[in-house]
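**Q** Sending over a structure as structure tokens; questions will come in a sec.
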Amino acid sequence: MYIQVLVLVLGSLGYCYLLVTEIPKGLLRVISLLPVFYLFSILPWQFSSSALARGLSSFFITWITSFKLLLFAYDRGPLLFHQTYLDFAIVAIFPLKMRSRSSDHNKFSHSPNYSSLVVIPLIIVPVVYSQNYNVFLKFQLFLCITTLTWLYMVQAVTRYELVPLFNHPYLATSLQDFWGRRWNRMSSDILRQTVYDPTRKSLEGITGLGAAKVVATISTLVVSGIMHELAFYYITCGSKPTWEVAWFFILHGLCMVLEAGLKRLAKVKGWTPLQPAVSIVLTVGFAIVTCYWLLILPVWRSTQGECLAK
């Protein structure tokens, strides 16, 4: 099963590398990628006996790789800098990018970021006390361990550079800081390039910069919510969505807009800004509480390790 999936993914990327590259960028290239998008959308179902494998494949392949290919269709994103098919495939699948020459001399100078070891346990500790914690706990712990493993492996690879996933999220002083700079920076960067930037640029001349940013922010979090809802759809063996997962991200998008408005008002009124320690407690506390309410609890109720034939 795993070999078949690997062959399917590598074959699809080979088609993109050899044939799609020759098609003019834009709509024609997007159309040529539709069969690949479809294959990647059904790929997680190949892991009918493992919720962990369905979750990982839906995140890295169905979502991230597909979005990287969407950027590639318009000559944007990390896949433009490939030199060989191996480069193309590795960068498409894994959280890696081609190492720039300017960073070669610094490749051993940065120590691994252990922030995920602090935040992820804070989110999943309550799961330990639940009878239905097994699959979700394994999924989160595997992501944590995988992240650290990649940090060490990439130090030994001169050709590639790890895309930083976390940047001390427990020090976030605002939701914008949390989502834009500190938490899962790989998906944040992909969403910024595929949703936020195009939306803002297309609306800026019509609505003005401020309104364009508001719509772009909410649109980005809506798309993020839909993609996470899709991942949980795979994990829960196609259970009817409750949309709580999507609402988590929509709520954070609305709160980010409100937060930005309050900051602007405070600046105009000359109000004293909150102390960083207070901002950190409010931001991280809000993230943990809403995550527990709208992400963890829905998974408790509906997660299945093995998809049974209906």
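The values are calculated or read from the model by the stated rules, or taken from the named source; none is laboratory data. All values reported here derive from a predicted model rather than from experimental measurement. Virtual Cβ from ideal backbone geometry, glycine too; neighbours counted across all protein chains shown.
**Q** Quick check on this structure: which one of 23, 64 is free of Cβ contacts under 8 Å to residues at least 12 places away in the same chain, surrounded by 14 or more Cβ atoms within 10 Å (Cβ to Cβ) and outside the structural domain of residue 236 (by TED's automatic domain parsing)?
**A** Values: 64 fails: free of Cβ contacts under 8 Å to residues at least 12 places away in the same chain.
Being free of Cβ contacts under 8 Å to residues at least 12 places away in the same chain, surrounded by 14 or more Cβ atoms within 10 Å (Cβ to Cβ) and outside the structural domain of residue 236 (by TED's automatic domain parsing) holds for just one of 23, 64, which is 23.
**Q** Take the conditions at pLDDT 90 or above and either under 18 Å from residue 188 (Cα atoms) or not assigned by TED's automatic domain parsing to the domain that holds residue 180 (or both) and apply them to residue 221. Does it pass? Walk me through how you get there before you give the answer.
**A** Values: at pLDDT 90 or above: yes; either under 18 Å from residue 188 (Cα atoms) or not assigned by TED's automatic domain parsing to the domain that holds residue 180 (or both): yes.
For residue 221, the condition - at pLDDT 90 or above and either under 18 Å from residue 188 (Cα atoms) or not assigned by TED's automatic domain parsing to the domain that holds residue 180 (or both) - is met.
**Q** Please state which of the following conditions residue 238 fails to meet, knowing it meets all the rest: (1) closer than 25 Å to residue 63 by Cα; (2) touching a residue at least 60 places away in the same chain (Cβ under 8 Å); (3) surrounded by 15 or more Cβ atoms within 10 Å (Cβ to Cβ).
**A** (3)
**Q** Is it the case, given these coordinates, that residue 260 is assigned to a helix (DSSP H, G or I), over 20 Å from residue 167 (Cβ atoms) and touching a His at 6+ places or on another chain (Cβ under 9 Å)?
**A** It is false that residue 260 is assigned to a helix (DSSP H, G or I), over 20 Å from residue 167 (Cβ atoms) and touching a His at 6+ places or on another chain (Cβ under 9 Å).
To keep it simple, each residue is scored yes or no on (1) surrounded by fewer than 16 Cβ atoms within 10 Å (Cβ to Cβ); (2) of a type in the set (D, E, K, R); (3) in a helix (DSSP H, G or I).
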{"residue": "10", "(1), (2), (3)": "yes, no, yes"}
{"residue": "13", "(1), (2), (3)": "no, no, yes"}
{"residue": "38", "(1), (2), (3)": "yes, no, yes"}
{"residue": "56", "(1), (2), (3)": "no, no, yes"}
{"residue": "68", "(1), (2), (3)": "no, yes, yes"}
{"residue": "71", "(1), (2), (3)": "no, no, yes"}
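**Q** Also, quick follow-up: Cβ-Cβ distance below 6 Å, separation of 6 or more or different chains: which pairs start in the stretch 149-175 with a residue that is assigned by TED's automatic domain parsing to the domain that holds residue 281 and farther than 17 Å from residue 187 by Cα and end on one that is at pLDDT below 75 and crowded, with 19+ Cβ neighbours inside 10 Å?
**A** Between residues of the stretch 149-175 that are assigned by TED's automatic domain parsing to the domain that holds residue 281 and farther than 17 Å from residue 187 by Cα and residues that are at pLDDT below 75 and crowded, with 19+ Cβ neighbours inside 10 Å, the close pairs are 170/119.
**Q** Does residue 189 satisfy the condition of being within 15 Å of the chain's Cα centre (by Cα) and either at pLDDT 90 or above or within 20 Å of residue 255 (Cβ to Cβ) (or both)? Walk me through it before giving the result.
**A** Values: within 15 Å of the chain's Cα centre (by Cα): yes; either at pLDDT 90 or above or within 20 Å of residue 255 (Cβ to Cβ) (or both): yes.
So residue 189 fits the description; yes.
**Q** Does residue 46 satisfy the criteria of being farther than 26 Å from residue 98 by Cα, at pLDDT below 95 and surrounded by fewer than 20 Cβ atoms within 10 Å (Cβ to Cβ)?
**A** Details: farther than 26 Å from residue 98 by Cα: yes; at pLDDT below 95: yes; surrounded by fewer than 20 Cβ atoms within 10 Å (Cβ to Cβ): yes.
When the stated conditions are applied, residue 46 passes them.
**Q** A further question on this structure: Evaluate the stretch 224-231: report whether one residue or more is part of a helix (DSSP H, G or I), surrounded by fewer than 22 Cβ atoms within 10 Å (Cβ to Cβ), out of contact with any strand residue (DSSP E or B) (no Cβ under 9 Å at 6 or more places or on another chain) and hydroxyl-bearing (Ser, Thr, Tyr).
**A** No, every residue in the stretch 224-231 fails to be part of a helix (DSSP H, G or I), surrounded by fewer than 22 Cβ atoms within 10 Å (Cβ to Cβ), out of contact with any strand residue (DSSP E or B) (no Cβ under 9 Å at 6 or more places or on another chain) and hydroxyl-bearing (Ser, Thr, Tyr).
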